[in-house]
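Remarks on the structure that follows.
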Amino acid sequence: MVCVPAGPFLMGDDKRQVDVDEFWIGRAPVTNAEFTRFTKATGYQTTAEERGDSRVWTGSKWKTAKGANWRHPQGAESNIEGLMDHPVVHISWHDAVTYVEWIGKRLPTETEWEKAARGTDGREYPWGNEEPTPELCNFGRNEGGTTPVGRYSPQGDSPNGCVDMAGNVWEWTASDYEGGGKVLRGGSWYDVSNSARSANRGRGLSNDSSNYSGFRCARDSACSC
């Protein structure tokens, strides 16, 4: 976890000033290794496991794949061997909330997420205003899937020292999307560079899952940064 100090920052494409209380946020999204420990301790089954399928990019199209879930990211015949340091995927909003509550934390609000991603100077991306490149983040299907968390550190880090806040996986937040659903932030390995902007907003239904959605933890501040 890293501490994000209280104070204003410039939020959204219109760069309006917003004040945020001090909070802590995960330096990285939750990994397969961390989620494995959770399921071993609790016996929890994700939304995709209970449903029996989830959305997968096949290389040419999206499809609902039978047996796809966080343990089998490309479908029933796949596994997470060698991917333990990758962000966990096929996570619904409900799954993310269950995990963070178990660990004694919570999901960040989208305001907190954006401040952690872009700092206080209104930059477009975590690293500054430079357009994404394959050296800065995982986007545009350059890698064909997720990459280990922190692979693009330090060059792709946010001002607060967070990794993977542009690309790799969309991240659930605690915030409601106007008109229904929940706010996702950060873009993913699949999406074009515009989705990696720190102000960009995605939307998902709380039971949605796919092989490009994950999350990171947050918590209220217990002491001053």
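The values are calculated or read from the model by the stated rules, or taken from the named source; none is laboratory data. Remember, it's a predicted structure, so these values are computed and weren't measured experimentally. With ideal geometry, Cβ positions are generated from the backbone for all residues, glycine too; neighbour counts draw on all protein chains shown. The area values use the complete protein model at the heavy-atom level, side chains included, leaving out ligands, DNA and RNA. Shrake-Rupley method; radii C 1.70, N 1.55, O 1.52, S 1.80 Å.
State yes or no: is residue 45 open to solvent by 30 Å² or more (accessible area, probe 1.4 Å) and either within 18 Å of residue 147 (Cα to Cα) or assigned to a loop (DSSP other than H, G, I, E, B) (or both)? Taking the combined requirement at face value, the residue satisfies it.
Summed over region 42-58, the residues that are out of contact with any Lys or Arg (no Cβ under 9 Å at 6 or more places or on another chain) and more than 18 Å from residue 94 (Cβ to Cβ) give a count of 1. Restricting 19, 95, 14, 85 to residues that are closer than 26 Å to residue 181 by Cα, part of a loop (DSSP other than H, G, I, E, B) and acidic (Asp, Glu) narrows the list to 14.
A residue that is farther than 22 Å from residue 199 by Cβ and at pLDDT 95 or above can be found somewhere in region 3-13. Residues in region 190-225 that are open to solvent by less than 50 Å² (accessible area, probe 1.4 Å), part of a loop (DSSP other than H, G, I, E, B) and among the hydrophobic types (A, V, I, L, M, F, W, C): 199, 215, 217. Contact map, region 128-156: first residue within 14 Å of residue 193 (Cα to Cα) and aliphatic (A, V, I, L, M), second residue part of a loop (DSSP other than H, G, I, E, B) and open to solvent by less than 80 Å² (accessible area, probe 1.4 Å), Cβ cut-off under 7 Å, separation 6 or more or different chains; pairs are 136/127; 136/152; 136/156.
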